[in-house]
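Asker: Pasting a structure here, questions to come.
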Amino acid sequence: MLVDRYQLKCQPVRDLLVDYITERQATLDYSSLRHLSAVLAGLFWSDLEKHHPDIDSLRLSAEVSTAWKARIATKTVLRRQPDGTRVEVTEPRVTAPAIKQIVRAFYLDIGQWALEEPERWGPWASPAPISEAECSVKKPEQRQKSRSDQRTRERLPVLPVLIRVAERRLNEARARLDALNVAPLGSTFTVLGESFTVPRKSTRLDGRPVSVRDEQGRRRELGSEEKRAFWAWATIEILRHTGIRIEELRELGHHSIISYKLPTTGEVIPLLQIAPSKTDQERLLLVTPELADVLSTVISRVRGADGTVPVIANYDSHERTWNPPMPLLYQWNMSGEDRRISDNTIRDGLNETLAASGLTDAAGTPLTFEPHDFRRIFITDAILNGLPPHIAQVIAGHSNINTTMGYAAIYPKDAIEAHQAFISRRRALRPTEEYRAVTPDEWQQLLGHFERRKLALGDCGRAYGSDCVHEHACVRCPVLIVSPTERPRLIEIRDNLGERIAEAEREGWLGEVEGLSISLAAAEEKIAQLDARQERKDSPVFLGVPTFNQLIARTVEGTNR
């Protein structure tokens, strides 16, 4: 089924792909298996058959493999335009190195298995058309790391705002629902500045209305609004306190909350048991008081009339199997049936909360949050607050500490502190006399040097400790930094020099003519430098160093961590 949906024409290759995927099935979950078939059968062999209809062998020529690599490097997608129309756009395929890696692994696996079972795999053993260097994912991973870090830096500072908005939406939704529960049929009630009209009759067994009409005549289901607001609030709180994945969140059950008694003090510690998910590694998380309040609120909400959490069956969309019935926390009653809350419902609740917050990114577009963003924020915040990375790795459930550090966004503050620590270590290795205290005379001499830099035409750029070698003939000096505001004065000096040269020539003072000519040439050169500098600044292709005020796009306040 996974292979046949691509309608491959070459039956032997189709059978080979089925055998290969079946062989790999034991070590992969369903999502990974589906992705493997999509790459090998869809992006690889189906694409080759489309451009080379007669192909029937895995041994590809250089021209065929090169053409396939060029096609896989880009993809065509539909983009919505501002006017609502959709146009096809060709853009680079970010996952191209990973696709090449899967195809290369397919060839290498066939070659290795041919040594063990030559009668089965030997006829298909062929040189891999993709080299190891072509599968390098270093640059894509660096770009992905940069994008992830930028998302974390944008979302971590506004997380308190999102939390407050989620609490406000929940309180307002509860207030509207409470007002509806006490309002008689056919009446009109007002809450939080909004007026609602209750229908005259109800089809429910308890006699309560399903929906109401607001002032604009729109149909509103206040019960559903309260449910979505509650689960959006619970999702934000649990994810930000635990950093778990969304599939782990939906698998939390009443039995996931356990207690542990310390053998030394006898103190009871609440723990949250996270079921094996992506890495099949079970782990325990410490339940903070804030997280305990959220979990207790969720349990109180989902408990049935008998005081227990209903046991429901749930479908694992990743493994495509039904799990045994469990007392899941993420469940609600729909049409009299207890059902598991879906991923889309959780994401819809987050999107509604974000829309109510009005948060925007640096470009001014509405800010988006994915459930996985809370995982990156949790790990980044924990490491920034001093949690050792190897402990964060255990809490996050990563098999490799490099994965954990990939989730942690690096802030400029960390780079500055690391650089300062590096300088301190270098100073410790240098002779101590190099870092002696400056004497008062040396300090005054240093201050005097900078005080003497100010001149009539600008600033003197000579190095500290050096004397003036031009006998204060500043117009001639190459280290004179002329201020743009002194250009009129420099023009006066140039004109005066011209008049003095003319006088000296009339009087026959040839020695003075020579000296004044040198000063005149230097003055004209400095005027030309000022004009060229101003022209570059006014030009649209100015490549000079801008000021800090010209560089910054926005200003944020730093927080002490």
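The values are calculated or read from the model by the stated rules, or taken from the named source; none is laboratory data. As the structure is a computational prediction, the values presented were derived from the model and not from experiment. Glycine gets a Cβ as well: all are built from the backbone with ideal geometry, and neighbour counts include every protein chain shown.
Asker: Consider Ala305 carefully, then state whether it is in the same structural domain as Asp338 (by TED's automatic domain parsing), farther than 17 Å from Asp343 by Cβ, exposed (fewer than 13 other Cβ atoms within 10 Å of the Cβ) and of a type in the set (Gly, Ala, Ser).
Answerer: It is true that Ala305 is in the same structural domain as Asp338 (by TED's automatic domain parsing), farther than 17 Å from Asp343 by Cβ, exposed (fewer than 13 other Cβ atoms within 10 Å of the Cβ) and of a type in the set (Gly, Ala, Ser).
Asker: Restricting to region 239-264, and then to whatever is among the polar types (S, T, N, Q) and assigned to a helix (DSSP H, G or I), can you tell me which residue is surrounded by the most Cβ atoms within 10 Å (Cβ to Cβ)?
Answerer: Thr242
Asker: Also: In contact with a helix residue (DSSP H, G or I) (Cβ under 9 Å, 6 or more places away or on another chain), within 30 Å of Leu384 (Cβ to Cβ) and either of a type in the set (A, V, I, L, M) or modelled with pLDDT under 80 (or both), is that true of Gly558?
Answerer: Yes; evaluated as a whole, the condition is true for this residue.
Asker: For residues that are within 21 Å of Ala125 (Cα to Cα) and either in contact with a helix residue (DSSP H, G or I) (Cβ under 9 Å, 6 or more places away or on another chain) or not in a helix (DSSP H, G or I) (or both), tally how many sit in region 1-33.
Answerer: The number of residues fulfilling the criteria is 16.
Asker: Quick one: in region 68-106, of everything that is under 21 Å from Ser46 (Cβ atoms) and among the hydroxyl-bearing types (Ser, Thr, Tyr), which residue is nearest to the chain's Cα centre (by Cα)?
Answerer: Of everything passing the filter in region 68-106, Thr95 is nearest to the chain's Cα centre (by Cα).
Asker: Also, quick follow-up: Out of Gly223, Gly186, Gly193, I need the residue that is over 24 Å from Met334 (Cβ atoms) and within 42 Å of the chain's Cα centre (by Cα). Which one?
Answerer: One residue alone meets the criteria, Gly193.
Asker: Select from region 503-531 the residues that are among the basic types (Lys, Arg) and either surrounded by 15 or more Cβ atoms within 10 Å (Cβ to Cβ) or outside any helix (DSSP H, G or I) (or both) and list them in ascending order.
Answerer: Lys526
Asker: Then there's this: Here is a list: Ile383, Ile379, Ile391. Which entry is assigned to a helix (DSSP H, G or I) and within 28 Å of Ala229 (Cα to Cα)?
Answerer: On inspection, the qualifying residue turns out to be Ile379.
Asker: Are there any pairs with C-beta distances below 7 angstrom linking a residue in region 305-319 that is at positive phi and outside any loop (DSSP other than H, G, I, E, B) to a residue that is of a type outside the set (Phe, Trp, Tyr) and surrounded by 15 or more Cβ atoms within 10 Å (Cβ to Cβ), with the two at least 6 apart or on different chains, and if so which?
Answerer: none
Asker: State whether one or more residues within region 280-301 are touching a residue at least 60 places away in the same chain (Cβ under 8 Å), in a helix (DSSP H, G or I), in contact with a Pro (Cβ under 7 Å, 6 or more places away or on another chain) and closer than 26 Å to Ile379 by Cβ.
Answerer: No: region 280-301 contains no residue that is touching a residue at least 60 places away in the same chain (Cβ under 8 Å), in a helix (DSSP H, G or I), in contact with a Pro (Cβ under 7 Å, 6 or more places away or on another chain) and closer than 26 Å to Ile379 by Cβ.
Asker: With respect to Val287, is the statement that it is surrounded by 14 or more Cβ atoms within 10 Å (Cβ to Cβ) and modelled with pLDDT of 90 or more true?
Answerer: no
Asker: Which members of region 48-89 meet the condition of being surrounded by 13 or more Cβ atoms within 10 Å (Cβ to Cβ) and part of a helix (DSSP H, G or I)?
Answerer: Once the filter is applied, which keeps residues that are surrounded by 13 or more Cβ atoms within 10 Å (Cβ to Cβ) and part of a helix (DSSP H, G or I), region 48-89 yields Leu48, Glu49, Val64, Ser65, Ala67, Trp68, Lys69, Arg71, Ile72.
Asker: Something else now. Return yes or no: is Leu36 of a type in the set (A, V, I, L, M, F, W, C), on the phi < 0 side of the Ramachandran plot and assigned to a helix (DSSP H, G or I)?
Answerer: Spelling it out, Leu36 is indeed of a type in the set (A, V, I, L, M, F, W, C), on the phi < 0 side of the Ramachandran plot and assigned to a helix (DSSP H, G or I).
Asker: Anything in region 320-341 that is in a loop (DSSP other than H, G, I, E, B) and closer than 24 Å to Ser224 by Cα? List them, or say none.
Answerer: If the condition is that a residue be in a loop (DSSP other than H, G, I, E, B) and closer than 24 Å to Ser224 by Cα, then Pro327, Leu329, Tyr330, Ser335, Gly336, Ile341 are the ones that fit.
Asker: I'm told Asn344 meets every condition in (1) under 29 Å from Ser399 (Cα atoms); (2) assigned to a loop (DSSP other than H, G, I, E, B); (3) not β-branched (Val, Ile, Thr) except one. Can you identify the failing condition by its number?
Answerer: With respect to (1) under 29 Å from Ser399 (Cα atoms); (2) assigned to a loop (DSSP other than H, G, I, E, B); (3) not β-branched (Val, Ile, Thr), Asn344 is out only on (2).
Asker: Which residue is nearest to Ile527 (Cα to Cα), if the candidates are limited to region 478-516 and must be hydrophobic (A, V, I, L, M, F, W, C) and touching a strand residue (DSSP E or B) at 6+ places or on another chain (Cβ under 7 Å)?
Answerer: Within region 478-516, the match that is nearest to Ile527 (Cα to Cα) is Leu490.
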